Amino acid sequence: MTNASGSKTVLAQIPSIILRNNQGEILGPFELTRDLHRLGRNAEKADLVVPESKTWMLVSGCQASFTTEGNDYRIYDGDQVKPSSNRLFSNNTLITPKEGLLLQDGMEITIGTVTGNHIIITYSNPSANQTLKPLKTTSISLKNKSVVIGRDTQANLRLDAPTVSRYHAIIDSNNQGKYILTDRSTNGVFVNGQKVTNQAILFNGSTIRIGPYTLILQGDDLLIADTGDNIRLDAKNLHRVVKDKQGKNITLLTDISLPIDPGQFVVIVGGSGAGKSTLMRTLLGLEPVNNGIVELNGEDLRKNFNIYRNLIGYVPQYDIVHSNLTVKEVLDYAAKLRLPFDINIEQEREKVLTQIELKERENTLVKNLSGGQLKRVSMGVELLADPKLFFLDEPTSGLDPGLDKKMMELLKTLSEEGRTIILVTHTTLNIHLCDRLVFLGKGGNLCYFGPPQEAITFFGLKSNNFANIYIHLEDKNKVEEESIRFKDDSNFYDKYITQHLVQVSTQTNQKSKPKKVNSSFLQQFSILSQRYGQLLLRDPLNIGLTLITAPLGIIAMRIALSDIIPFNLADDNDPSFATLSLKVLFVFTCAAIWVGLASSLQEIVKESKIYQRERLVNLGICAYLASKASILGILGFLQSLLISLTILICFKAPESNQFTWILGTEITLFLTLFSTIGLGIMVSAFVKNITQANSSLPLLLLPQIIFSGVLFKMTGIGKLFSWLMISRWSVGALGSLVDIPSMIPEAKPISPLNPAPVEVPVDIPTEVYAADSSNLLINWGLLLLHSFLYWGVTYILQKRKDIL
Ligand SMILES: Nc1ncnc2c1ncn2[C@@H]1O[C@H](COP(=O)(O)OP(=O)(O)OP(=O)(O)O)[C@@H](O)[C@H]1O
């Protein structure tokens with residue numbers, strides 16, 4: 001960040017500071033002439049005195065101390081002993097009362113971390129040799145013009161980040177002189193912590209979040225207050241206890257506090273089951289806690305997750321990419337889903353491919369990559385959005401020592417570029433590369449936090465082998481002992497945690513949790529459908545088998561029936577003919593149900609991890625399910641078409657009307673398949689893994705057979721159950737089309753001696769198969785209703801999986 005107005009206050013060769021608050025009010029310049037100066041509101045404690053007015057309340061009695069160092073000054077928090085209430089930060093990195101920070105000409109120091117509620121101290125030293133390079137544009141006047149904010153080079157205020165749209169937002173003034181912001185973006189705008197729905201009125205001091213940037217309206221000027229490059233994370237007293245199946249308490253995290261400065265590379269290590277992943281997911285805001293809070297730049301992460309969603313990258317333990325796509329396709333689809341639609345995909349992809357060093361493998365299918373390369377693809381997907389905070393759970397597991405080193409070096413480079421990196425790992429070979437090491441013991445006990453080199457000293461180990469710490473902390477009692485020893489050791493706990501942990505006293509005036517930005521349904525639907533279609537086509541054998549299974553079954557039935565011709569009654573008195581025809585129709589229905597379920601049962605569960613990650617970013621449930629419905633619907637249509645064609649070839653049409661029959665059969669089979677696909681998708685959303693999905697197949701098929709009403713006459717509760725079956729309505733429609741009732745022999749006298757008509761006993765409910773159009777439409781309508789219900793329940797099941 002740079003000087004407020006972009007210009008420097010020109011003074012004689014004397015260092016000075018000016019203060020600027022959120023309303024754009026300026027205090028100073030205060031000249032720095034003595035060896036020691038103190039800045040504050042209390043005239044007894046400070047010589048650079050800030051007025052006791054409301055707009056300067058963030059400043060403490062003694063806010064900062066300045067001491068000479070060479071030609072410049074060093075700034076310290078508070079009075080160099082006691083920290084100030086709202087602390088001092090340089091690019092969100094805490095300035096402590098003891099170490100302080102050497103100031104440079106043009107440097108900006110912030111009082112308070114809550115973005116949009118802070119005061120900026122700008123230091124000037126005209127005699128300095130080194131001057132910080134100011135940003136090209138830091139503010140823009142909104143007076144009498146329409147201001148376009150975006151990534152485009154033509155935008156009036158250019159914000160360069162992949163998550164910012166070319167023309168992200170426009171600010172105009174209305175006839176009452178108020179500034180109105182109109183959102184035109186893919187990833188949304190937040191004003192004062194609230195998502196903008198189309199338009200928002202801006203007031204003096206309003207904060208606007210666009211991608212990683214924070215802008216503040218000060219009078220008629222719009223100022224870039226934060227470029228978002230520096231995110232600090234403060235975890236305070238995280239404590240989590242859950243109950244096991246027997247109702248016994250298990251402590252997952254024991255009162256953990258961690259201050260993580262922007263750009264730090266933090267590695268979490270510890271024995272298996274120590275709680276590393278739990279801690280990481282808690283720091284990410286994904287896991288709740290019984291006590292404690294995680295703050296990003298002083299804001300509650302869980303409350304403000306929707307603002308930070310796009311700034312956080314997360315590579316979980318499991319892979320989050322489709323194995324049947326090439327590296328290039330994976331990155332392209334991820335970019336299309338996560339970045340604004342007007343982004344240059346090719347450019348972003350190339351940038352990431354270079355970062356993850358996979359350019360030469362871009363056309364390789366993910367399933368053909370090595371373990372290390374696969375992990376790098378997952379990282380690449382996350383790097384597309386240029387995350388400022390990057391979490392990785394065991395990306396080096398299973399890699400050889402060389403690859404582990406390369407991966408750690410890559411992460412180190414990413415952190416040096418300003419990203420805050422938090423990594424869980426088991427491999428201790430290269431942890432000397434990190435800035436902070438977290439050692440967790442069983443029960444989520446924090447046994448160490450500090451520079452990796454000092455861990456050996458803390459644990460009193462003779463060799464430099466970090467693996468010895470694992471052995472040292474094998475025993476649960478030892479873990480508790482060491483955790484207490486660490487808390488009591490001022491050389492470590494106080495130095496690396498207490499002194500750096502930010503406890504700001506200011507609160508934002510945010511009223512409620514910001515809402516999630518919803519991405520365009522049509523855009524996501526088309527990207528997801530394209531990706532899903534491509535994935536299905538990558539396995540042509542599977543598609544082929546899916547398409548021919550039912551026709552082959554029908555051909556087999558034709559062979560089994562030999563010269564029997566169903567649907568066309570030859571002998572008026574044959575009592576078994578209607579039953580036989582119904583059985584044939586039942587096989588058509590069963591074939592459709594079988595292939596419908598087989599095509600859909602795995603379709604959600606098999607990619608549930610990818611779904612979870614994409615949902616955390618911006619995936620819409622409706623777009624996701626619609627893409628499934630459309631592609632599986634097309635597959636279902638092709639299946640029904642092939643089944644109908646096979647029926648047409650293998651079976652003689654009923655005499656009534658051949659065209660109506662085959663068209664009706666096609667419609668019935670398609671509706672049967674589509675509702676079965678809905679049922680399969682619903683179960684796929686419900687089960688936890690592919691094995692469970694496969695095991696549910698018989699469970700789903702058996703009731704369809706038993707309650708279809710074909711094998712057994714449905715009465716009482718059985719009849720009610722049959723209404724819940726797709727098979728009942730499918731056979732009902734097919735039976736209506738071939739006119740089953742007409743195949744039941746009419747009641748006739750048995751002999752001339754006995755003229756009273758006698759019914760031939762055929763156990764078929766004629767009303768179910770009545771050959772009239774209203775019955776047919778009811779059956780079709782109910783098949784559609786089944787589809788709607790299944791897709792509706794699937795939506796609810798998916799929604800229930802939402803973490804935040
Ligand atoms: N929600 C939960 N309910 C009950 N137990 C849980 C829950 N979450 C985690 N655990 C248990 O807490 C312990 C810590 O789990 P976690 O996955 O965080 O450990 P870890 O250190 O990452 O292990 P590993 O290195 O083996 O991946 C494990 O014993 C796990 O089974």
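The values are calculated or read from the model by the stated rules, or taken from the named source; none is laboratory data. Everything quoted here is computed from the prediction, not taken from an experiment. Glycine also receives a Cβ, built like all others from the backbone with ideal geometry; neighbour counts cover every protein chain displayed. Surface accessibility is based on the protein's heavy atoms, side chains included, excluding ligands, DNA and RNA. Shrake-Rupley method; radii C 1.70, N 1.55, O 1.52, S 1.80 Å.
Could you work out [θ]222 nm for the chain from helices alone, using -39500 (n - 2.57) per DSSP H run of at least four and dividing by all its residues? Round to the nearest 500 deg cm²/dmol. Write down the numbers at each step before the final one.
Working: 19 runs with 289 residues, N = 804.
Theoretical 222 nm ellipticity from helices: -12000 deg cm²/dmol.
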Of all the Cα-Cα pairs you can form in the chain, what percent are over 45 Å apart?
42 percent
Of the trypsin sites (Lys or Arg not before Pro) in segment 410-488, those whose Cβ has at most 11 other Cβ within 10 Å and which sit in DSSP loop:
K462
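Among 223-233, 675-685, 717-727, how do they line up by average Cβ neighbours within 10 Å per residue, starting with the highest?
675-685, 223-233, 717-727
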Could you tell me what fraction of 2.2 N^0.38 Å the Cα radius of gyration of segment 16-124 comes to, as a two-decimal ratio?
0.94
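At a 1.4 Å probe, what is the % contribution of carbon and sulfur to the accessible area of segment 16-124?
On the way: 1920 of 4070 Å².
After summing per-atom areas, the C and S share lands at 47 percent.
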Using a 7 Å offset from the Cα along the Cα-to-Cβ direction at both Q534 and E31, what is the distance between the two label points in nm, to one decimal?
6.6 nm
When the Cα centres of segment 674-705 and segment 213-239 are compared, how far apart do they sit, in Å?
48 Å
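Indicate the gyration tensor shape class of segment 649-738 (rounded, prolate or oblate), computed on the Cα atoms with a ≥ b ≥ c the square roots of the eigenvalues: a/c under 1.5 is rounded; otherwise a/b larger than b/c is prolate and the rest oblate.
It comes out oblate by the Cα gyration axes.
Roughly to the nearest percent, how much of the accessible area of segment 262-307 is carbon and sulfur, given a 1.4 Å probe? Mind dumping the intermediate values first?
Values: 480 of 1220 Å².
Within segment 262-307, the accessible surface is 40 percent carbon and sulfur.
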Tally up the carbon and sulfur contribution to the accessible surface of segment 139-226 as a whole percent, 1.4 Å probe, everything protein left in place.
40 percent
Can you give me the solvent accessible area of D79 with a 1.4 Å probe, rounded to the nearest 10 Å²?
60 Å²
So what is the relative contact order of the chain, in percent, for Cα pairs below 8 Å that sit 6 or more residues apart?
9 percent
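With a cap of 13 neighbouring Cβ atoms within 10 Å, and only residues DSSP puts in a loop, list the GluC sites (Glu not before Pro) found in segment 421-499. It would help to have the intermediate numbers written out before the result.
Values: sites: E454, E474, E480, E481, E482; in loops: E474.
The qualifying sites are E474.
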In units of 2.2 N^0.38 Å, what is the alpha-carbon radius of gyration of segment 139-226?
0.95
Computed for the chain: size of charge dipole around the Cα centre, +1 on C-beta of each Lys and Arg, -1 on C-beta of each Asp and Glu, debye to nearest 20, value 800 debye
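So how much slack lies between N368 and N174, counting 0.36 nm per residue of separation and subtracting their Cα-Cα distance, in nm?
Gain on extension, N368 to N174, equals 64.0 nm.
Of all chymotrypsin sites (Phe, Trp or Tyr not before Pro) in segment 290-330, which ones are in loop regions per DSSP and have a Cβ with at most 14 other Cβ atoms within 10 Å? List each step's numbers first, then the result.
Numbers: sites: F305, Y308, Y314, Y318; in loops: Y318.
Those satisfying the criteria are Y318.
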For a quick check of understanding: with a 1.4 angstrom probe and all protein chains in place, what accessible area in square angstrom does S463 have, to the nearest ten?
50 Å²
Local charge sum around T589 (other residues, Cβ-Cβ under 13 Å, Lys/Arg +1, Asp/Glu -1)?
+2
Going by alpha carbons, how many degrees (0 to 90, nearest 10) lie between the helix axis of 476-488 and the longest principal axis of the chain?
40 degrees
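Give me the percent of Cα-Cα pairs in segment 525-601 that sit more than 20 Å apart, rounded to a whole number. Can you show the working numbers first?
Values: 1480 of 2926 pairs.
The proportion of pairs with Cα distances above 20 Å equals 51 percent.
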Solvent exposure of the chain as accessible area per residue, Å², 1.4 Å probe
43 Å²
If you count, for each residue, the other Cβ atoms within 10 Å and average over each peptide, how do 404-410, 391-397, 729-735, 243-249 line up from highest to lowest?
729-735, 391-397, 404-410, 243-249
Centre separation in Å (Cα based) which lies between segment 453-476 and segment 601-653
54 Å
Stokes-Einstein, Kirkwood over Cα pairs, segment 453-565, 25 °C, 0.890 mPa s; D in µm²/s equals 107 µm²/s
